[in-house]
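Take a look at the structure set out below.
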Ligand SMILES: NC(=O)c1ccc[n+]([C@@H]2O[C@H](COP(=O)([O-])OP(=O)(O)OC[C@H]3O[C@@H](n4cnc5c(N)ncnc54)[C@H](OP(=O)(O)O)[C@@H]3O)[C@@H](O)[C@H]2O)c1
């Protein structure tokens, strides 16, 4: 099969499309014919550092942790899915014609494969951090770095739960944030005054998705460091804020909830751009530039809803 791999650590330019052995579903797993696979900034970090969670990544290695496709092999003990079912979920080496999933949910009819391939990471992250920061219906949440993949999911889930969301992005993306239900403002110097005008009664919690050194400013805005949480700034705990830097061990509930909310018409993931497998390196270059709106996705097969 065709797969994207790297044989040395570095930037996206080290990624190559190669002929690779097909993977097979182990116990509790399924294999899919991949139709779409989502790009995540953390893939690029693993590629560059050669490490993940303090362990070296053996070479050669594939890339990508989320995708959508059609089940074509079922591992021992799996009873909730059949060959031919369309699913989306978490796996490994997803930028390939075939990949193995460890967690999945049935893709709702009408949800395009390319969008579904970008669901898992943003859905798991958004549901985890909204629960962890503890913001409630009627309260106001500030989301710093709101126009990317995770922000797109956070805004929609928060709005669904009756939370008022102020989101930061550069000015050209303010209509995008409004379309998701957030009140937009720009990030950077002066944020405290701008948010003060938008929320005179104050904000109850803040999520930092940007990792751009804004934790002290977010703490000043919220007034309570424990109601500030970052997924991208490892210094957050040093300021008394929360850090959430690892996915839940079992993301099944988040995947099922995403499918349910898509069907209810309250959740979608706009795609900035899709790329064919051969252009995976270009997709990671665009991701590394740090200004993606929604998600970037690699597409592999003729797709239908
Ligand atoms: N800890 C975890 O569990 C976890 C899980 C998922 C992701 N992450 C991390 O969280 C971060 C966000 O992930 P993502 O997938 O949403 O990334 P993404 O889609 O690449 O996010 C890009 C967005 O960041 C915004 N941005 C860039 N510079 C900014 C700044 N200085 N202040 C505010 N916003 C800024 C951009 O808006 P403009 O174009 O308007 O600048 C853009 O829309 C990444 O660092 C990722 O690695 C962590």
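A few points about this structure:
- Residues within the stretch 136-150 that are outside any helix (DSSP H, G or I) and within 7 Å of the ligand (Cβ to nearest atom), tallied: 4
- Residues of the stretch 200-218 classified as without any contact (Cβ under 8 Å) to a residue 24 or more places away in the chain and more than 16 Å from the ligand (Cβ to nearest atom), total: 1
- The residues of the stretch 151-177 that are touching a residue at least 40 places away in the same chain (Cβ under 8 Å), part of a helix (DSSP H, G or I) and near the ligand (Cβ under 8 Å from one of its atoms), listed by number, are 151, 152, 173.
- Unique residue being more than 13 Å from the ligand (Cβ to nearest atom) and either part of a helix (DSSP H, G or I) or under 18 Å from the mean Cα position of the chain (by Cα) (or both) when the list is 197, 109, 124: 197
- Odd one out for residue 238 among (1) in contact with a helix residue (DSSP H, G or I) (Cβ under 9 Å, 6 or more places away or on another chain); (2) under 22 Å from residue 95 (Cα atoms); (3) without any contact (Cβ under 8 Å) to a residue 12 or more places away in the chain: (2)
- Extreme residue, surrounded by the fewest Cβ atoms within 10 Å (Cβ to Cβ), among residues of the stretch 221-234 that are under 23 Å from residue 186 (Cβ atoms) and within 16 Å of the ligand (Cβ to nearest atom): 232
- Qualifying positions in the stretch 246-281 - exposed (fewer than 13 other Cβ atoms within 10 Å of the Cβ) and under 14 Å from the mean Cα position of the chain (by Cα): 246
- Subset tally (residues that are within 12 Å of the ligand (Cβ to nearest atom) and part of a loop (DSSP other than H, G, I, E, B)) for the stretch 178-194: 4
- Scan of the stretch 112-121 for residues that are crowded, with 24+ Cβ neighbours inside 10 Å and in a helix (DSSP H, G or I), ordered by number: 113, 115, 116, 120, 121
- Residue in the stretch 255-277 that is within 25 Å of residue 2 (Cα to Cα), within 9 Å of the ligand (Cβ to nearest atom) and touching a strand residue (DSSP E or B) at 6+ places or on another chain (Cβ under 9 Å) present: yes
- Flag if residue 81 is assigned to a loop (DSSP other than H, G, I, E, B), within 18 Å of residue 251 (Cβ to Cβ) and more than 16 Å from the ligand (Cβ to nearest atom): yes
- Picking from residues in the stretch 16-71 that are part of a strand (DSSP E or B) and within 12 Å of the ligand (Cβ to nearest atom), the one that is surrounded by the fewest Cβ atoms within 10 Å (Cβ to Cβ) is 38.
- Scanning the stretch 1-15 for residues that are surrounded by 21 or more Cβ atoms within 10 Å (Cβ to Cβ) and under 26 Å from residue 71 (Cβ atoms) turns up 3, 4.
Rundown of residues vs (1) closer than 24 Å to residue 263 by Cα; (2) in contact with a helix residue (DSSP H, G or I) (Cβ under 9 Å, 6 or more places away or on another chain); (3) not assigned by TED's automatic domain parsing to the domain that holds residue 233, yes/no style:
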| position | (1), (2), (3) |
| --- | --- |
| 102 | yes, no, yes |
| 107 | yes, yes, yes |
| 127 | yes, yes, no |
| 130 | yes, yes, no |
| 148 | yes, yes, no |
| 163 | yes, yes, no |
| 166 | no, yes, no |
| 177 | yes, yes, no |
| 185 | no, yes, no |
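- Pairs are defined by a Cβ separation below 7 Å, a sequence spacing of at least 6 or placement on different chains, a first member in the stretch 118-129 that is over 13 Å from residue 267 (Cα atoms), and a second member that is near the ligand (Cβ under 8 Å from one of its atoms) and outside any helix (DSSP H, G or I); the pairs so defined are 121/40; 124/247; 125/231; 128/244; 129/231; 129/244.
The values are calculated or read from the model by the stated rules, or taken from the named source; none is laboratory data. Only a predicted model underlies this, so the values are computations on that prediction, with no experimental measurement involved. Here the Cβ is made from the backbone with ideal geometry for all residues, glycine too, and neighbour counts use every protein chain on show.
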